[in-house]
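Below: one structure, written as structure tokens.
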Amino acid sequence: MTSFDELTLETLRARACMKWTYYPELHPERDILPLWVADMDFPPADPIAAALAERAGSGNLGYPAGYLTGEPGLRESLVSWLSTRHGWTVEEGDIWPVHGIIPGLYLSALACASAGEGVVMQSPLYPPFMSSVNDTGRVAQYNPLVWTGARWELDLAGLEAAITPATRLLMFCNPHNPSGRVFTRDELEALAEVVLRHRLWVVADELHSDLVYPGQQHIPFASLSDEVAQRTLTLVGPTKSFNIAGLKIGFVITQNADLLARLKGVGAGLVTPPNVMAQAAAKAAYTEGGPWLADTLSYLQGNRDRVTRFVEDYLPGAAYAGAEGTYLAWLDLRGLGLGDALYDRLLSCGVGLNEGRHNGPGGDGFARLNFATTGAIVEEALERMRVGLGLG
Ligand SMILES: Cc1ncc(COP(=O)(O)O)c(C=O)c1O
């Protein structure tokens, strides 16, 4: 593996990718370090690159075998990964390979609630959660996370208050984007109690579940009990953990066969199987990607700690806790008192972060920083913020 430290700004700026082309197109006159959209600047694992080259070289680029189930070995590789990594047993028949997680969110909104019915979610949120509810005519109900002084937590009393007789679905994100929380078993069990009592469906977006730092453990929501599993659709995939988001692949998993059939019905003709290159990459990731992921997580942990030190030194009192999972830092910049001018001010500093005001209730005054880049770029971005925001 090439050391990630060897990546240069010149190489990254030459990439035709969303992260590095967005700001030059928007503000050609400004020098902005893009620490925004959630992919990593790192090249993927060698076995993934090799699997892609082999598939391209094989000339076998027609429709995949197993049109609705994925190619031989695809679901098997995920079954084995989930069992080894997360202690969660699922059957191949519980898995539906699709071309991304966002389609899974939309399908869940359509399949689990009718137009006008409620979907409750913990904000601040990854914006497509809200779009999937609003675009399908369902009603968004918010249950913001609460800051306890040490970390962001679920507000179960607030959840009870947000749920109405029209609420049908909980959209849950764990590890949570953007807060970086990895919820504990106790927290998940308390949440499950509310869900079961109100007979809600759950879509558990666990796309970041392999990006969890030492000291934390990801627990699949559906693994809590058979009863919970029967009400849960889980969304996972290799795209965040292995940095292959451009390949477009994800998996819908549920042990409730009727629910899976309903989802497939809603998606008929709209949802495509993942393309053959994505399937080859996913299989390689799940069977041979473990060592790369371990190295990458330890590199990311170094960057996470850089951001944490920065907050401790220059943003004392901020509602911030270093990410337990994900490569995202949810920065509380409310203390600067800039209101919406914050976001232009950040650009003036020369850093491009995601604007918290787009993450739903509780997001104003926050910004999401993606630290999946080189340590040098993270240091430079933080220094630009220190100087540009007048932090001392
Ligand atoms: C929690 C979460 N869900 C879904 C997605 C998007 O997944 P996909 O690109 O497979 O649609 C992201 C991307 O950042 C994400 O963070």
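Here are some notes:
- Rg/Rh ratio calculated on Cα atoms of segment 50-288 (Kirkwood radius): 0.97
- Summarising the strand pairing of the chain, around 45 percent of its internal DSSP beta bridges are antiparallel.
- Across segment 212-228, coupling constants 3J(HN,Hα) worked out from phi with the 6.51/-1.76/1.60 Karplus curve, θ = phi - 60°, read 10, 8, x, x, 10, 9, 7, 10, x, 4, 5, 7, 5, 6, 4, 4, 5 Hz, and Gly and Pro carry x.
- Candidate cross-link partners of Lys19 among the lysines, defined by an alpha-carbon separation under 20 Å and a same-chain spacing of 8 or more, comprise Lys240, Lys248.
- Segment 259-278 versus segment 6-21: alpha-carbon centroid distance in Å: 33 Å
- Under-5 Å amide H pairs with Val139, H placed in peptide plane, nonlocal only: Gly116, Glu117, Gly118, Val119
- Sorted peptide list for 75-84, 116-125, criterion being average Cβ within 10 angstrom, highest first: 116-125, 75-84
- Rg ratio (alpha-carbon, reference 2.2 N^0.38 Å) - segment 1-100: 1.48
- Positive-pole candidate from Leu196, Phe310, Pro291, dipole of the chain, charges at beta carbon: Leu196
- From most to least packed by mean Cβ count within 10 Å, the peptides 5-12, 24-31, 136-143, 266-273 give 136-143, 266-273, 5-12, 24-31.
- Whole-Å semi-axes of segment 126-193's equivalent ellipsoid (Cα gyration tensor): 21, 15, 11
- Between Glu6 and Asn134, the distance separating the two model label sites (each 7 Å from Cα on the Cα→Cβ line) works out to 4.5 nm.
- Here r is the Cβ-Cβ distance between Thr272 and Ser298 and R0 is 35 Å; the resulting FRET efficiency, rounded to 0.05, is 0.45.
- Nonpolar atom fraction for segment 279-392, defined as the carbon and sulfur part of the 1.4 Å probe accessible area, stands at 47 percent.
- J(HN,Hα) series, segment 99-108, from Karplus relation 6.51 cos²θ - 1.76 cosθ + 1.60, nearest Hz, glycine and proline x: 9, x, 7, 4, x, x, 5, 5, 4, 5
- Net length gained if the chain between Glu193 and Thr164 were fully extended (0.36 nm per residue, minus Cα distance): 8.8 nm
- For the pair His27 and Arg185, the difference between a 0.36 nm per residue extended length and the Cα-Cα distance amounts to 52.4 nm.
- Relative packing of peptides 346-354, 149-157 - highest average C-beta neighbours within 10 Å first: 346-354, 149-157
- Convex hull volume per residue for segment 147-259, taking Cα atoms only, in Å³: 122 Å³
- Here r is the Cβ-Cβ distance between Leu338 and Tyr67 and R0 is 56 Å; the resulting FRET efficiency, rounded to 0.05, is 0.60.
- Between segment 355-392 and segment 85-132, the Cα center-to-center distance that results, in Å: 28 Å
The values are calculated or read from the model by the stated rules, or taken from the named source; none is laboratory data. All values reported here derive from a predicted model rather than from experimental measurement. Please note: Cβ atoms are built from the backbone with ideal geometry, for glycine as well, and neighbour counts cover all protein chains shown. Please note that ligands, DNA and RNA were not included when accessible areas were found on the heavy atoms of the full protein model with its side chains. Shrake-Rupley method; radii C 1.70, N 1.55, O 1.52, S 1.80 Å.
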